[in-house]
Amino acid sequence: GNPRQNPLVANYLTKDHRWLALCCLQAGKYWPEFAAVTGHPELATDPRFANHELLLENSPAAKAAVQAVLAERTLDEWRVVLDPFSGQWTAVQNTIEVMQDPQTVANGYMQPCATAAGDPFVLVAPPIQYDEEPAPAHRAPEFNEHGDQILQSIGLDWDAIIDLKVKGVV
């Protein structure tokens, strides 16, 4: 791979083998704060990492340093430690965690639904809003659930519909 990579744009393993994703596009801007907030001020004064260009030039060493730092604590510990960090980061979540994420809930991305038989379930809603309201989620139709109505809507009467069913057309 390309050795000149931004060390603050990558996924890193934590002590408990979870992933933490960093996406700080301005590595030189965020590096000193990252070093301070993680308890490693020596990274900010390391001449190899003095600015954005040097971070890219020395990215294998910088990435190794970030991996070593993030391997020191669990994901839950990093959630607390990195909370004041102004750079862009997130925990890589599994599907259950995403469903319960406060931002997922606040944006209405998980919505209650019911099957055709009335059994409740939760459905992922489209990630859009209209007038700050989530788009309503609906279940998919059962197989041919609306077939008769569709055929009627194009002008077929019941005799024609039954004839098509007997012949195996629909």
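Out of ALA21, ALA64, ALA50, which single residue is under 24 Å from ASN94 (Cβ atoms) and small (Gly, Ala, Ser)?
Among ALA21, ALA64, ALA50, only ALA21 is under 24 Å from ASN94 (Cβ atoms) and small (Gly, Ala, Ser).
Looking at this structure, is THR95 surrounded by fewer than 11 Cβ atoms within 10 Å (Cβ to Cβ) and under 19 Å from TRP19 (Cα atoms)? Step through it out loud before you land on a result.
On the way: surrounded by fewer than 11 Cβ atoms within 10 Å (Cβ to Cβ): yes; under 19 Å from TRP19 (Cα atoms): yes.
Against the criterion (surrounded by fewer than 11 Cβ atoms within 10 Å (Cβ to Cβ) and under 19 Å from TRP19 (Cα atoms)), THR95 qualifies.
Residues are listed down the side, and each one gets a yes or a no for (1) over 19 Å from TYR12 (Cα atoms); (2) part of a helix (DSSP H, G or I):
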| site | (1), (2) |
| --- | --- |
| ASP83 | no, no |
| ILE96 | yes, yes |
| VAL122 | yes, no |
| PRO126 | yes, no |
| ALA137 | yes, no |
| PRO141 | yes, no |
| GLN149 | yes, yes |
| LEU156 | yes, no |
| ALA160 | yes, yes |
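If we keep just the residues of the stretch 1-22 that are touching a residue at least 60 places away in the same chain (Cβ under 8 Å) and open to solvent by 70 Å² or more (accessible area, probe 1.4 Å), which is nearest to ALA50 (Cα to Cα)?
ASN11
Go over the candidates THR45, THR90 one by one and state the one that is of a type in the set (Ser, Thr, Tyr), open to solvent by 20 Å² or more (accessible area, probe 1.4 Å) and either more than 30 Å from PRO126 (Cα to Cα) or touching an Asp or Glu at 6+ places or on another chain (Cβ under 6 Å) (or both).
Numbers: THR90 fails: either more than 30 Å from PRO126 (Cα to Cα) or touching an Asp or Glu at 6+ places or on another chain (Cβ under 6 Å) (or both).
The conditions single out THR45.
Could you tell me which numbered condition ALA35 fails, if it satisfies all but one of (1) free of Cβ contacts under 8 Å to residues at least 60 places away in the same chain; (2) open to solvent by 80 Å² or more (accessible area, probe 1.4 Å)?
Only one criterion in (1) free of Cβ contacts under 8 Å to residues at least 60 places away in the same chain; (2) open to solvent by 80 Å² or more (accessible area, probe 1.4 Å) is unmet by ALA35, namely (2).
Can you name the residue in the stretch 1-37 that is within 24 Å of the chain's Cα centre (by Cα) and polar (S, T, N, Q) and, of all such residues, is nearest to THR74 (Cα to Cα)?
Among those residues, the one meeting the criterion is THR14.
Filter the stretch 147-161 down to residues that are within 26 Å of ALA117 (Cβ to Cβ), surrounded by 11 or more Cβ atoms within 10 Å (Cβ to Cβ) and not small (Gly, Ala, Ser), then give me how many there are.
Looking only at that region, the number is 5.
Show me the helices (runs of 4 or more DSSP H) entirely contained within the stretch 1-77 in which 2 or more residues are charged (D, E, K, R).
Ranges flagged: 27-37, 52-57.
Name the residues in the stretch 130-146 that are surrounded by fewer than 13 Cβ atoms within 10 Å (Cβ to Cβ) and either within 20 Å of GLN103 (Cβ to Cβ) or among the hydroxyl-bearing types (Ser, Thr, Tyr) (or both), would you?
Once the filter is applied, which keeps residues that are surrounded by fewer than 13 Cβ atoms within 10 Å (Cβ to Cβ) and either within 20 Å of GLN103 (Cβ to Cβ) or among the hydroxyl-bearing types (Ser, Thr, Tyr) (or both), the stretch 130-146 yields TYR130, ASP131, GLU132, GLU133, PRO136.
Looking at (1) within 28 Å of GLU132 (Cβ to Cβ); (2) surrounded by fewer than 15 Cβ atoms within 10 Å (Cβ to Cβ), can you tell me which one GLU72 breaks?
With respect to (1) within 28 Å of GLU132 (Cβ to Cβ); (2) surrounded by fewer than 15 Cβ atoms within 10 Å (Cβ to Cβ), GLU72 is out only on (1).
The values are calculated or read from the model by the stated rules, or taken from the named source; none is laboratory data. Values in this document were obtained by computation on a predicted structure and should not be read as measured data. Virtual Cβ from ideal backbone geometry, glycine too; neighbours counted across all protein chains shown. For the accessible areas, the whole protein counts, side chains as well, though only heavy atoms, and no ligand, DNA or RNA atoms are used. Shrake-Rupley method; radii C 1.70, N 1.55, O 1.52, S 1.80 Å.
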